[in-house]
Amino acid sequence: MARRESVQKGGMLLADEWKLWPMDDRNWELCRLSDGAWVPCGRYYQYNTIDQAMLYVLDVLAKQGATDQMLALASALRQWQDGVERLERAARSWSM
């Protein structure tokens, strides 16, 4: 029960009813808001797959017709990917 209680605080909000909750230093779990409480979904991600969590939520939102939330998350995903690409370019230039 402690884990279920602990997901109520913190995490990275992806959309109104979706967030990633940090399980430890390397792993995240997708949670969904249900009846006013965050519920773990059993979908796990690591630092390098957070974009996959966003794509999953985008798919769910698209199927629900939640256009505004979908567009906001799609914009956040583009910003995330741009940031990752900039960091990768910087890391490559440092190693040269």
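Inside the range 26-65, can you point out the residues that are over 12 Å from LEU14 (Cβ atoms) and among the small types (Gly, Ala, Ser)? The answer is SER34, GLY36, ALA37, GLY42, ALA62, GLY65.
Note on the range 41-58: residues that are under 13 Å from the mean Cα position of the chain (by Cα) and part of a strand (DSSP E or B) total 5. Can you find even one residue in the range 24-35 that is closer than 27 Å to SER6 by Cα and assigned to a helix (DSSP H, G or I)? Looking for residues that are closer than 27 Å to SER6 by Cα and assigned to a helix (DSSP H, G or I), one finds none in the range 24-35, hence no.
Here is a yes/no grid of residues against (1) among the small types (Gly, Ala, Ser); (2) modelled with pLDDT under 95; (3) loosely packed, with under 13 Cβ neighbours inside 10 Å; (4) at positive phi:
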{"position": "GLU29", "(1), (2), (3), (4)": "no, no, no, no"}
{"position": "TYR45", "(1), (2), (3), (4)": "no, no, no, no"}
{"position": "VAL60", "(1), (2), (3), (4)": "no, no, no, no"}
{"position": "GLY83", "(1), (2), (3), (4)": "yes, yes, yes, no"}
{"position": "GLU88", "(1), (2), (3), (4)": "no, yes, yes, no"}
{"position": "TRP94", "(1), (2), (3), (4)": "no, yes, yes, no"}
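The values are calculated or read from the model by the stated rules, or taken from the named source; none is laboratory data. Treat the numbers as computed from the prediction; the structure is a model and nothing was measured. Because the Cβ atoms are built from the backbone with ideal geometry, glycine has one as well, and the counts that use them run over all protein chains shown.
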